[in-house]
Every structure is written in C-alpha cells, then in structure tokens.
Amino acid sequence: MERYSRQILFSPIGEEGQKKIRSKHVLIVGVGALGSATAELLTRAGVGKLTIVDRDYVDWTNLQRQTLYCEQDAESGLPKAIAAKQRLEAINHDVEIRAFVMDADDEPFVSIFEQGVDVVIDGTDNFETRFLINDLAQKYNVPWIYGACVGSYGLSFAMIPGKTPCFRCLVHHLPSYHMTCDNIGIIAPTVQMVASYQTAEALKILVEDERAIRDSLVVFDLWKNEHRFLKVNKLKNKQCPSCGEHRSYPSLQEPKAKMAVLCGRETVQIRHPHSFDLKEMAQQIKASGQKVQYNDYLMITELEGHRTVLFADGRMLIHGTKDLMDARSLYQKYFA
Amino acid sequence: MERYSRQILFSPIGEEGQKKIRSKHVLIVGVGALGSATAELLTRAGVGKLTIVDRDYVDWTNLQRQTLYCEQDAESGLPKAIAAKQRLEAINHDVEIRAFVMDADDEPFVSIFEQGVDVVIDGTDNFETRFLINDLAQKYNVPWIYGACVGSYGLSFAMIPGKTPCFRCLVHHLPSYHMTCDNIGIIAPTVQMVASYQTAEALKILVEDERAIRDSLVVFDLWKNEHRFLKVNKLKNKQCPSCGEHRSYPSLQEPKAKMAVLCGRETVQIRHPHSFDLKEMAQQIKASGQKVQYNDYLMITELEGHRTVLFADGRMLIHGTKDLMDARSLYQKYFA
Amino acid sequence: MIRVLLFAHLKEQFNRQELIFPHQEITVRQLREELEKNYSLSSVSSIMIAVNEEFATDEEIIREGDVVALIPPVSGG
Amino acid sequence: MIRVLLFAHLKEQFNRQELIFPHQEITVRQLREELEKNYSLSSVSSIMIAVNEEFATDEEIIREGDVVALIPPVSGG
C-alpha cells in the first residue's frame with residue numbers, strides 16, 4: 001500500500017477508499033488517446049482489474065497524443081490493446097490487466113458486462129459505439145463516463161443509471177457527419193484534460209463518494225480559454241428508449257452495416273442501414289475543410305487518404321484498402 | 001512530419017506552427033508529477049530541444065502520479081532526470097533531450113538561461129525554487145508557466161515578462177509552512193489537469209499565438225467540482241523587485257540556507273536565513289493533520305518519517321538522514 | 001435580443017463567436033428551425049442547446065436576455 | 001454582508017465552504033487583518049484574494065454583495 005500513500009493521504013479516499021479501488025473492475029472501451037490516459041491513471045491508482053478493448057494497432061500518427069505508446073510500438077505495428085497491456089504491466093504489476101483486440105460489436109463484448117463491471121470509461125472515437133455502450137450500461141446498471149475531444153475542444157459527463165440522463169437523452173440520434181481528430185486535428189493537452197475529468201469521476205464512483213460526482217456536463221476550449229459546466233437534469237427523458245420507463249435498447253437491436261471486400265479492386269463496400277442525404281453530408285464535409293464533389297446520385301471525398309464514394313441509397317465505397325477493420329473504422333468515425 | 005499530422009491539422013498550429021515548435025527550446029524544472037506530464041506532452045508534440053533538471057530519484061510512492069516512470073525505475077532508484085530522458089527518447093528520438101541531475105541552486109542552472117530558452121515550465125515542489133525561476137525568467141526575459149497542485153486542488157498561470165504580473169507580484173513572500181502532496185496527498189487527475197493547462201499555454205507561446213494566451217489564473221478543485229478563472233492584471237506591481245521599474249532580483253541574492261551533517265548522529269542541521277515563528281508554524285502543521293509539540297524554544301514534528309526539530313533562532317535538525325540532498329528537499333518543501 | 005454562443009467548429013463554420021437573434025421569445029425548437037433555415041446549419045437536431053448554463057428541452061422558452069450556447073457533441077477520443 | 005469563498009485546505013481548516021462578514025465595506029487589507037485576528041488564520045499575507053473574479057490589491061475596497069475568494073498558492077507539483 002506504501003506506493004499509494006499519497007492517494008491514501010487524500011482524505012476523500014483514505015485507507016477505506018484505497019481498499020475499494022483495489023476491489024473494483026473498470027472497463028475502458030478504446031485505448032486511443034483518452035483510453036491511454038485513463039487506463040494509465042487508473043492503473044497507477046491501483047484499481048483491482050482493468051479490461052481494455054481496442055480493434056486498432058499503433059500507428060506513428062498516434063504517438064503525438066496516445067501516451068501509453070512509444071516508437072517501438074508503432075515500429076512493430078502492435079495492436080493497441082497489446083501494447084497498452086505491456087506498458088500498464090510495467091507500470092503496476094498489481095493490477096490485473098485483461099486486453100481484448102476486438103470490436104465493441106463482437107459477441108464477447110457483451111459478456112464483459114454480464115460478468116460485472118463497476119464503471120465503464122469512454123475511449124471510443126465514434127458515436128455508434130457510444131450508443132452501444134450507453135444501452136449496455138443502462139441494461140446492466142453500470143455508470144459510464146463519456147469523454148470526447150477534437151482540436152482544443154472537449155466534453156465529459158458521467159452517466160449514472162437511474163439518476164442522470166443517459167447519452168441518448170443528451171444526443172437524440174447520431175449526427176450525420178463527424179468532426180474527428182482525423183479531420184480537425186487535436187492537441188495532446190485537450191486529451192489529458194478530458195481524461196482528467198473522466199478519471200476524477202471514475203475515482204469518485206470507485207470509492208462510492210456519490211455526493212461528489214459532478215452532475216453537470218463540462219465543455220471547454222483550451223485554446224479559446226472557455227470552460228463551462230452545464231446542468232443536464234432537464235434532459236432526462238422518461239420516454240427515452242435507453243433509460244426511460246419502456247426500454248427497447250435500440251443499439252442492441254439496430255441493423256448493423258453490412259460490409260464486403262470488392263474482389264481485385266482494393267475496395268470495401270459498406271451498406272449503411274439508412275439512405276444518405278448527400279447534400280447535407282457534402283456541406284458538413286466542406287465545413288471541416290475537406291474537398292468534396294457531389295451530385296444527386298453520389299458524393300466523392302477523401303478520408304484519411306482513402307477515396308470514398310457515397311451513394312444516396314446508403315451504399316458506400318472505400319477505395320485503397322482490403323481491410324474490413326480499417327474500412328469499418330473509417331465508416332464509424334465519419335458516418336455511423 | 002507525418003507523425004505530427006493531427007497537430008498540424010489543428011488550424012492554430014498548422015505547418016508553420018509545427019516548424020516553430022521544432023525550432024524551440026523548453027526548460028522544465030523538476031520532473032516529478034507535473035514535470036513528467038508536461039515533458040511527455042511536449043516531447044510528443046515534437047519540440048526541438050528539451051532541458052530537464054531534477055535532483056531527486058524515482059521512488060515507489062512516485063508511481064501513483066508521475067507518468068514517465070515505471071516499476072523498473074523505482075526498483076533501480078534511478079535519478080528522475082535520467083529515467084525521464086530514457087522514456088522520452090523512446091517516445092520521440094527527434095527531440096534533443098538534455099537531462100541534469102542537479103539542484104536549481106547549482107551554478108549550471110543559470111547558464112541554461114544564459115544560453116537561451118523559449119519557455120520555462122514549473123515542475124518544482126517548493127516556493128523557494130519558484131521565486132528563483134521567477135527572478136531568472138524576468139532577468140532573461142523568458143515566459144514561465146506556474147503550476148501547482150495538492151489533493152484535488154490545482155492552479156496555473158503563464159507569466160509573460162513585460163506583460164503580466166510576475167510570481168512575486170502574486171505571492172508577495174514565501175508562505176511559512178507548505179501544504180504539499182506529502183502531507184495532504186494528491187490524486188493523479190489533478191496533476192494531469194494542471195499539466196494540460198501548462199502545456200496548452202506552452203504551445204501557444206511556442207507557436208507565438210500571443211493573443212490566445214490565457215491572461216487569468218486558473219484555480220480548480222476536481223473533487224469539489226469548482227473551477228474559476230481569476231483576472232490578475234491589477235496585481236502587476238511597478239514596485240516589484242523582480243519585474244518592476246527598479247529591480248533587485250532578490251532570489252538571486254538572498255542568503256541561502258547553510259547545511260551540515262552532524263557526525264555520528266544521522267542528522268542534518270540546516271540554518272534557515274531567518275528566525276522561526278514557532279507558534280504560527282505549529283498551528284499550520286497541526287492544520288495539515290500532523291502531530292506537533294512546541295514550547296517557546298523549539299518545536300518538534302515528524303515530516304515524511306523524519307523527526308524534525310525547529311529552534312526559534314532559525315536552526316533546524318532533521319533526524320534519520322545523513323543525506324544533504326534529502327534534508328534540503330524536506331526543508332525547501334516545508335519551510336523555505 | 002437573444003445571444004447564442006457558439007462552441008467548437010461552429011465558431012469556424014460561422015466565422016464568429018456568437019449569433020444574435022432579434023426575438024423577444026422563442027422556443028428551443030423554433031431556434032433549431034431557424035438555425036437550419038436561415039443559417040443553413042445542418043445536423044441541428046444533434047446539437048445540445050443550453051439556456052443559462054442548463055441544457056434545455058425543445059419545448060423550453062428562451063426569453064430576451066437569456067444566454068444560449070450551442071454545444072456540438074464530438075466523437076473524437 | 002460579504003461572502004468569502006474558501007479554497008483548498010482553507011475549507012478543511014474552517015470546516016465550511018465560505019465565511020460571512022457582516023460589513024458593508026472593508027478593504028482587502030482589513031479583511032486580511034480580520035482573518036488573522038478573529039479566525040486566527042496564519043500566513044494570511046501569502047493568500048491571494050480575488051474580488052468578483054479578479055485578484056485585488058490590499059488597498060481595494062470590498063463592498064456588500066461582492067464575492068470574495070481566498071486562494072492559497074500551494075507548492076506541490
């Protein structure tokens with residue numbers, strides 16, 4: 001316990017709190033920028049068990065902000081979950097680290113909730129996975145802590161089932177096109193600030209200091225020197241299909257996008273479950289500074305080096321890859 | 001440059017800003033909790049040259065919040081500056097890392113300023129060193145970024161010579177007894193939040209986006225959900241001996257504490273340059289939750305496991321050590 | 001007059017810090033409609049709208065002097 | 001009446017979130033003196049005092065209704 005002495009000295013934690021932290025299980029979905037930072041802080045804090053889930057591998061462009069990784073990891077192209085586990089174990093071998101290289105859509109993901117989790121931390125980069133986590137968190141009655149950032153702008157909010165509004169109460173449905181770190185950029189301190197908020201709320205939940213949990217959503221812009229705490233209570237919606245009186249957990253049922261590799265063309269085709277509003281989509285892509293061409297039938301743009309074509313009927317082609325994982329990731333980040 | 005692509009996409013930085021970051025030299029004084037975090041983020045950001053100065057070695061109790069270090073470093077008891085350099089080089093070999101295992105009081109420290117620095121980041125754990133940095137920063141016309149934290153409470157402020165008040169304008173003289181992580185405790189997200197503020201301001205300074213620099217002092221309490229930005233302009237003092245019209249740079253001249261090891265007694269004696277107000281001192285030590293005994297002649301307490309005796313005339317004994325560095329560090333943290 | 005503060009990329013999209021609406025009273029839903037029509041802001045339905053530091057439902061009435069903030073949820077992480 | 005908000009360890013030291021002073025007007029210097037005398041708060045001279053979100057010099061006058069915050073600089077890092 002000596003190694004946690006400075007944390008035990010902090011009176012809202014103390015010896016009692018440290019024992020609670022030690023007995024708890026945290027799930028972190030995605031170990032990119034936010035997931036790296038929160039996984040590291042909770043490992044250093046001495047959480048009992050930490051499960052990390054990620055489908056991606058370490059890339060050179062990650063190193064600018066994803067604090068668990070070093071050049072060697074990018075050089076070897078290790079899966080993030082594996083590289084993260086290695087570093088976390090070197091930091092604190094007392095913590096049981098379970099690493100899954102998988103998609104949150106994969107079957108075993110649900111079983112993590114079934115086995116019991118004390119808090120879930122959002123390290124994802126897309127809304128589709130967040131809506132899925134939200135439904136699972138409500139269904140299995142687990143608090144989860146939203147965090148997101150882009151540029152110098154960040155947000156965070158801890159959702160407590162039965163108390164606060166849920167993610168679907170806040171964001172009624174998926175935005176049609178997404179601002180992400182890959183089109184707007186990001187600076188590392190934005191990540192660390194969101195991760196600080198997420199980790200602080202996680203510690204409050206782990207030591208069961210309910211009264212200390214922040215009941216507002218924080219939103220800030222580090223470059224523009226703005227910082228606001230916005231009360232959310234009014235958004236709690238009794239009719240919400242995820243947390244309301246009659247629940248259908250839509251994300252656990254929604255049709256998934258169908259994917260296929262087009263033979264010999266280095267192209268992946270994805271079938272979006274709805275049609276695309278090409279005009280609106282084109283406007284937003286333009287607003288984020290990308291080039292885009294469109295007509296009534298299709299829209300062409302380039303995302304992270306991949307020529308991408310959207311058809312009004314919901315079909316989408318991602319050129320320059322045969323990797324379903326890559327294509328799925330692009331699709332989810334920008335359109336899901 | 002590819003590895004910095006997400007930072008270059010952030011429009012206030014861009015290609016131009018990245019080149020500026022690449023051409024600059026940052027000095028970080030102290031690579032404990034704040035210094036670890038800021039050194040890592042700036043290394044990931046691709047700063048040209050980074051100088052780190054620290055007199056301490058890695059200890060198990062550091063691992064809970066000092067993010068550059070792992071168990072192996074504590075096991076080997078490596079000096080922090082050396083362990084930090086190793087990790088930073090594994091993260092980004094493009095950055096020139098210079099590591100000094102030394103006290104900020106040592107002669108070579110001043111020469112870092114003489115050679116030219118673009119920004120100094122506060123990673124220290126005591127006020128004495130901060131007043132020294134403040135005088136050097138004013139004398140050599142270098143911006144420096146104050147950061148401090150304890151428990152869930154943190155502060156930060158970027159001081160720009162000739163523009164903002166300096167540290168001495170804000171804090172007129174040394175507080176007599178200090179709340180530190182070693183008596184009040186600390187949680188890691190507090191550190192990361194202060195470090196996020198410090199790094200964001202450092203990036204603004206490095207890319208020369210003067211208008212974006214925050215002109216207020218930020219103070220927050222992560223557990224109590226408080227966050228304030230306090231304007232500082234009125235405190236700029238024309239009579240300030242560090243940044244005013246007639247400067248004497250007191251910290252560059254003040255008598256230093258004299259130290260000696262008492263033979264055969266495992267005790268270090270320190271002569272404080274002023275007398276001690278034992279009653280006041282005792283009250284504050286009590287307020288921080290420590291046991292203390294005192295009478296008109298002396299005061300006895302225990303600091304980090306060392307029985308410590310203060311005499312009204314300014315003499316002080318630290319028992320249980322022969323190490324001048326340890327004793328000096330204790331002295332500076334609590335009394336300097 | 002109602003002041004509407006912009007956050008994140010909305011600042012760049014409008015190239016300003018805030019929008020001013022001449023109304024004395026307007027519901028949150030009407031504000032969304034105006035943003036969509038007069039400012040051709042898309043994806044309005046997924047933007048969170050706060051009135052005086054508190055998120056508001058679509059039925060809520062915004063009155064002169066209230067401070068409104070448009071908070072776009074973002075997906076990066 | 002003047003509300004004085006406490007930060008960091010001052011909350012624990014006084015075991016409350018804020019102090020209330022009955023004055024209608026007081027200078028920052030006088031406030032420091034009262035804190036030292038009536039509340040036996042030591043090291044008062046090194047505490048930064050903000051009035052309405054702005055740090056104030058010792059000469060400044062605090063008036064009824066102003067919100068005062070006591071900000072202790074800390075040394076940890």
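The values are calculated or read from the model by the stated rules, or taken from the named source; none is laboratory data. Being a predicted model, the structure only gives us computed values, none of them experimental. Neighbour counts are summed over all protein chains in view; Cβ atoms, including those assigned to glycine, are modelled from backbone coordinates with ideal geometry. SASA here: full protein model, heavy atoms, side chains in, ligands and nucleic acids out. Shrake-Rupley method; radii C 1.70, N 1.55, O 1.52, S 1.80 Å.
Would you mind telling me which numbered condition in (1) within 7 Å of chain A (Cβ to nearest Cβ); (2) crowded, with 24+ Cβ neighbours inside 10 Å; (3) part of a helix (DSSP H, G or I) B:D73 fails?
For B:D73, the exception is condition (1).
Considering each residue of region B:183-218, count those that are more than 8 Å from chain A (Cβ to nearest Cβ), over 18 Å from B:K24 (Cβ atoms) and open to solvent by 10 Å² or more (accessible area, probe 1.4 Å), and give that number.
2
Confirm whether A:L68 is within 11 Å of chain B (Cβ to nearest Cβ), open to solvent by less than 10 Å² (accessible area, probe 1.4 Å), among the hydrophobic types (A, V, I, L, M, F, W, C) and outside any helix (DSSP H, G or I). Break it down into steps so the answer makes sense when it comes.
Working: within 11 Å of chain B (Cβ to nearest Cβ): yes; open to solvent by less than 10 Å² (accessible area, probe 1.4 Å): yes; among the hydrophobic types (A, V, I, L, M, F, W, C): yes; outside any helix (DSSP H, G or I): yes.
Here the answer is yes, as A:L68 does meet what is asked.
For region A:243-252, what are the residues that are farther than 26 Å from A:M325 by Cα and either part of a helix (DSSP H, G or I) or without any contact (Cβ under 8 Å) to a residue 12 or more places away in the chain (or both)?
Keep residues of region A:243-252 that are farther than 26 Å from A:M325 by Cα, which gives A:243-248.
Within region A:243-252, A:G244, A:E245, A:H246, A:S248 qualify.
Which residues, counting only those in region A:1-32, are farther than 17 Å from B:C181 by Cβ, within 12 Å of chain B (Cβ to nearest Cβ) and in a loop (DSSP other than H, G, I, E, B)?
Listed by number, the list holds a single entry, A:G32.
Taking the residues in region B:33-58 that are assigned to a loop (DSSP other than H, G, I, E, B) and open to solvent by 10 Å² or more (accessible area, probe 1.4 Å) as candidates, determine which candidate is farthest from the other protein chains (Cβ to nearest Cβ).
Filtering region B:33-58 for residues that are assigned to a loop (DSSP other than H, G, I, E, B) and open to solvent by 10 Å² or more (accessible area, probe 1.4 Å), the one farthest from the other protein chains (Cβ to nearest Cβ) comes out as B:G48.
Tell me, which residue of region A:242-252 that is surrounded by 11 or more Cβ atoms within 10 Å (Cβ to Cβ) and either out of contact with any Leu (no Cβ under 7 Å at 6 or more places or on another chain) or of a type in the set (V, I, T) (or both) is farthest from A:L132 (Cα to Cα)?
Only one residue tops the list, namely A:G244.
Determine which single condition D:T57 fails, assuming it passes every other condition in (1) at pLDDT 90 or above; (2) touching an Asp or Glu at 6+ places or on another chain (Cβ under 6 Å).
Just one mismatch for D:T57, condition (2).
For region B:219-238, name all the residues that are in contact (Cβ under 8 Å) with a residue 24 or more places away in the chain, of a type outside the set (K, R) and within 8 Å of chain A (Cβ to nearest Cβ).
Residues satisfying the conditions are B:L222, B:W223.
Among the residues of region B:169-182, is there at least one that is more than 12 Å from chain A (Cβ to nearest Cβ), open to solvent by less than 10 Å² (accessible area, probe 1.4 Å) and more than 26 Å from D:E12 (Cβ to Cβ)?
Scanning region B:169-182 turns up at least one residue that is more than 12 Å from chain A (Cβ to nearest Cβ), open to solvent by less than 10 Å² (accessible area, probe 1.4 Å) and more than 26 Å from D:E12 (Cβ to Cβ).
Give me a count of the residues in region B:76-95 that are among the polar types (S, T, N, Q) and either over 25 Å from B:K24 (Cβ atoms) or part of a loop (DSSP other than H, G, I, E, B) (or both).
2
Every residue, every condition in (1) hydroxyl-bearing (S, T, Y); (2) more than 30 Å from A:L310 (Cβ to Cβ); (3) at pLDDT 90 or above, yes or no:
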residue	(1), (2), (3)
A:D221	no, yes, yes
A:K236	no, yes, yes
A:E245	no, yes, yes
A:L252	no, no, yes
A:C263	no, no, no
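For residues that are within 13 Å of chain A (Cβ to nearest Cβ) and more than 15 Å from A:D73 (Cβ to Cβ), tally how many sit in region B:77-87.
Number of matching residues: 2.
State whether one or more residues within region A:308-320 are over 20 Å from C:V74 (Cβ atoms), modelled with pLDDT of 85 or more and basic (K, R).
No, that holds for no residue.
Could you say which residue among A:K139, A:K163 is touching a residue at least 60 places away in the same chain (Cβ under 8 Å) and more than 13 Å from chain C (Cβ to nearest Cβ)?
Exactly one residue qualifies, and that residue is A:K139.
Kindly evaluate A:Q86 against the criterion of being modelled with pLDDT of 95 or more, closer than 30 Å to B:W60 by Cα and of a type outside the set (K, R). Full working, then the answer.
Working: modelled with pLDDT of 95 or more: yes; closer than 30 Å to B:W60 by Cα: yes; of a type outside the set (K, R): yes.
So A:Q86 fits the description; yes.
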